[in-house]
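Asks: Here you go, one structure.
The values are calculated or read from the model by the stated rules, or taken from the named source; none is laboratory data. Bear in mind that the values here come from a model prediction, so they are computed numbers and not experimental data. Positions of Cβ are generated from backbone atoms using ideal geometry, with glycine treated the same way; all protein chains shown enter the neighbour counts.
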Amino acid sequence: MEFVNNEGHKVIFATVRDPEGKSPLGAIYLTKDGGYNWKNTTPNLKKRNFWSIVMDPQNPSVVYPGWVNGGGVIRTIDGGAPCFFLSEGLPDTSVFSLSIDPMNLAVV
């Protein structure tokens, strides 16, 4: 997911996963300089097999990552932590794709 902020800097979020299970899963990385430097935004979040991610088009700090294998969706308002679990009480369903309604940004 890429976003160019008001200062012209490229803000990019990337989910990291290993479908073969050979390395720890669950990282979401952020760069604010077009990919030169990356930061793990979820070091304290339980490792999850993140598969999809969508960013609020009006506020790049609001991000919704989704995961598979016991799936769900979280919301973060600062690009990483704290995270709010939006799938509490819902069946465990793998989330392979997410989108935000362009007419109503509160609908994911």
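Asks: Step by step: first the residues of the stretch 21-46, then only those that are among the charged types (D, E, K, R), assigned to a loop (DSSP other than H, G, I, E, B) and surrounded by fewer than 16 Cβ atoms within 10 Å (Cβ to Cβ), then the one that is modelled with the lowest pLDDT. Which residue is that?
Replies: Only one residue fits best here, namely LYS22.
Asks: Condition test on ASP78, is it in contact with a strand residue (DSSP E or B) (Cβ under 7 Å, 6 or more places away or on another chain), acidic (Asp, Glu) and surrounded by 13 or more Cβ atoms within 10 Å (Cβ to Cβ)?
Replies: Details: in contact with a strand residue (DSSP E or B) (Cβ under 7 Å, 6 or more places away or on another chain): yes; acidic (Asp, Glu): yes; surrounded by 13 or more Cβ atoms within 10 Å (Cβ to Cβ): no.
No: the conditions fail for ASP78.
Asks: Being at pLDDT 80 or above and of a type in the set (D, E, K, R) narrows it down to one residue among ASP18, ASP92, ASP101, ASP78; which is it? Steps first, please.
Replies: Details: ASP18 fails: at pLDDT 80 or above; ASP92 fails: at pLDDT 80 or above; ASP78 fails: at pLDDT 80 or above.
After applying the criteria, what remains is ASP101.
Asks: Would you say GLY70 is modelled with pLDDT under 80, small (Gly, Ala, Ser) and surrounded by fewer than 17 Cβ atoms within 10 Å (Cβ to Cβ)? Walk me through how you get there before you give the answer.
Replies: Numbers: modelled with pLDDT under 80: yes; small (Gly, Ala, Ser): yes; surrounded by fewer than 17 Cβ atoms within 10 Å (Cβ to Cβ): yes.
In short, yes.
Asks: If I go through the stretch 65-108 residue by residue, how many of them are touching a Phe, Trp or Tyr at 6+ places or on another chain (Cβ under 8 Å) and aromatic (Phe, Trp, Tyr)?
Replies: So the count comes out to 2.
Asks: So is VAL62 closer than 14 Å to PHE13 by Cα, in contact with a Phe, Trp or Tyr (Cβ under 7 Å, 6 or more places away or on another chain) and surrounded by fewer than 19 Cβ atoms within 10 Å (Cβ to Cβ) or not?
Replies: no
Asks: Could you grab me the full set of residues in the stretch 62-108 that are more than 20 Å from ASN49 (Cβ to Cβ) and either of a type in the set (A, V, I, L, M, F, W, C) or without any contact (Cβ under 8 Å) to a residue 12 or more places away in the chain (or both)?
Replies: VAL62, ILE77, PRO82, GLY89, ILE100, ASP101, MET103, ASN104, LEU105, ALA106, VAL107
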